[in-house]
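Student: Before anything else, here's the structure in question.
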Amino acid sequence: MGANGKPVPLPPGAIRVEDLVLEYPVYRHLVLDRFRALLGALLPWVKPPSRRVLDRITLSINPGEVVGIVGMNGVGKTSLLKTIAGLMSPTAGTVRVGGRVMALLTMGVGFRPALTGRQNLLIGGLLLGLDARGITERTQGIADFSELGEALDQPYFTYSSGMRARLAFSLATSVPADIVILDETLATGDARFISKCYRRLKEIRASGKTILFVSHNLGEVARVTSRVILLDRSRVAFDGDVFEGLKAYEEALAEANQPAHALRSELNGAAVSVTVRDEQGQPLKLVELGQRVAIEMRIDAQKDLGESFVFLRIITVESNQLYAYLTMKRRDTLRVVSHDKDSVPIGAGETTITWTIPFWTGGEGSYFIDAYIGPACDPDAPDISGGRFWRHAVHVSSVYGNAYLKGAASVTEMPVESVNVKLS
């Protein structure tokens, strides 16, 4: 607070959200409940019932950050953006922004079908806060970026969805602002134009502007953002590293897509550990390329799990990419398609499964190994919807024993002893 008791203005590009609550009325009777909603401004007790879409959201975004907001449909992503943009008033809590906000929440909002693309630039620019002169000064740049050519002077109703996306994105990202809000703006358009949009976003980011970006395409979020906020059940479930946030989102998706009856209750009482061992049986945290190792999965089940599909998933720590799967029939299915179930009996008590790897081929770097147990299934079409993952059951690093190979990072790279160029 300042000396006069008022909040100190935020620097351009900063966002502060504190205990934000947003509720929508639930209209069971369209006319009556809308009338009750109007009366509710004066008589709160006559308000219709409401649904809370944002529940005590608190977050702080600094100038220049590029933040991805992810979550399943209906968790309040767009509502949060609208509130930050000033398009909606919170039910409770405060939202403060520093500087000017440009929000592209719907492609082509305000554009009129009967008018040309050029005429719609004028209307859209006015809606985004530009004056006529500012729009005129930017028209040529917008036209060049959109690559619409002669179509810019054709009626808007003749545009394809990709052309409309080009016009709206080109206009919106040409408006000067301290905070840029984009909601599913790259969902349409061809691959080449989308790539061009990424370059434009990088330019905006390099200029020090704050960007809030919503997308269900996790590849877009990973490429564009430097921080991820995951909304789940109308609250902030994660706020931090991009790859950790996307992993948390994928886990939430997997849980949501899992049938209620699929997850066996017996798995809740099972404990799993994974250990990487050398030839002498000693645990390893550092594996040399080419080393013979055994990967041991120990299962302690309180009940008999019966025939189960079990596998290990090896992922790289640095890039969060899948490296390999290890299943019970992995070696067999690489040679011939098996028509038997890929399974192993897991009884009550302790079960140990060991994969012997004659030569470790993981390139230089760090790896996580995830463990999975689920119902028995066909090896050529595994179904993992009814089982459970134990994430990051073990962390192991891979190195080259030969110092000459240090830094090669991949088993497929070749060390070069010398390079000779001979000119005739």
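The values are calculated or read from the model by the stated rules, or taken from the named source; none is laboratory data. On a predicted model such as this, the values are computed, not experimentally measured, just so you know. With ideal geometry, Cβ positions are generated from the backbone for all residues, glycine too; neighbour counts draw on all protein chains shown.
Student: List pairs: first in region 273-289 and within 20 Å of Asp370 (Cα to Cα) and in contact (Cβ under 8 Å) with a residue 60 or more places away in the chain, second of a type in the set (A, V, I, L, M, F, W, C) and assigned to a loop (DSSP other than H, G, I, E, B), Cβ under 6 Å, 6+ apart or cross-chain?
Tutor: Val276/Leu284; Val287/Trp360
Student: Within region 51-74, restricting attention to residues that are within 14 Å of the chain's Cα centre (by Cα) and farther than 19 Å from Arg96 by Cβ, which residue is surrounded by the fewest Cβ atoms within 10 Å (Cβ to Cβ)?
Tutor: Asn73
Student: For region 345-374, what are the residues that are part of a strand (DSSP E or B) and modelled with pLDDT under 85?
Tutor: Once the filter is applied, which keeps residues that are part of a strand (DSSP E or B) and modelled with pLDDT under 85, region 345-374 yields Gly365, Ser366.
Student: Arg133 fails exactly one of the following numbered conditions: (1) on the phi > 0 side of the Ramachandran plot; (2) not assigned by TED's automatic domain parsing to the domain that holds Ile194. What is the number of that condition?
Tutor: Failing condition for Arg133: (1).
Student: Do you know which residues across region 68-89 are in contact (Cβ under 8 Å) with a residue 60 or more places away in the chain and either under 22 Å from Gly129 (Cβ atoms) or among the aromatic types (Phe, Trp, Tyr) (or both)?
Tutor: If the condition is that a residue be in contact (Cβ under 8 Å) with a residue 60 or more places away in the chain and either under 22 Å from Gly129 (Cβ atoms) or among the aromatic types (Phe, Trp, Tyr) (or both), then Thr78, Leu80, Leu81, Thr83, Ile84, Ala85, Met88 are the ones that fit.
Student: Provide a single number: the residues in region 196-222 that are within 28 Å of Leu253 (Cβ to Cβ) and either loosely packed, with under 15 Cβ neighbours inside 10 Å or touching a strand residue (DSSP E or B) at 6+ places or on another chain (Cβ under 9 Å) (or both).
Tutor: 17
Student: Something else now. Mind listing just one residue for me: the one in region 381-397 that is touching a strand residue (DSSP E or B) at 6+ places or on another chain (Cβ under 9 Å) and part of a loop (DSSP other than H, G, I, E, B) and, of those, modelled with the lowest pLDDT?
Tutor: Across region 381-397, the extreme among qualifying residues is Pro382.
Student: In region 222-253, which residue that is of a type in the set (Val, Ile, Thr) and over 20 Å from Leu54 (Cβ atoms) is modelled with the lowest pLDDT?
Tutor: So the residue we want is Val224.
Student: What is the number of the single condition among (1) at pLDDT 80 or above; (2) touching a strand residue (DSSP E or B) at 6+ places or on another chain (Cβ under 9 Å) that Ile135 does not meet?
Tutor: The failed condition is (2).
Student: Also, I was wondering about something else. In region 197-219, how many residues are in a helix (DSSP H, G or I), over 17 Å from Ile179 (Cα atoms) and out of contact with any helix residue (DSSP H, G or I) (no Cβ under 9 Å at 6 or more places or on another chain)?
Tutor: Summing the residues that are in a helix (DSSP H, G or I), over 17 Å from Ile179 (Cα atoms) and out of contact with any helix residue (DSSP H, G or I) (no Cβ under 9 Å at 6 or more places or on another chain) in region 197-219 gives 2.
Student: Any idea which residue in region 123-142 is nearest to Ser170 (Cα to Cα), counting only those that are in contact (Cβ under 8 Å) with a residue 24 or more places away in the chain and part of a helix (DSSP H, G or I)?
Tutor: Per the stated criteria, the residue is Ile142.
Student: Further question on the same structure: Being more than 19 Å from Ala114 (Cβ to Cβ) and either in a helix (DSSP H, G or I) or outside the structural domain of Leu115 (by TED's automatic domain parsing) (or both) is the filter here, so list the residues in region 143-162 that pass it.
Tutor: Ala143, Asp144, Phe145, Ser146, Gly149, Gly162
Student: For region 120-150: of the residues being within 20 Å of Lys196 (Cβ to Cβ) and among the small types (Gly, Ala, Ser), which is nearest to the chain's Cα centre (by Cα)?
Tutor: Ser146
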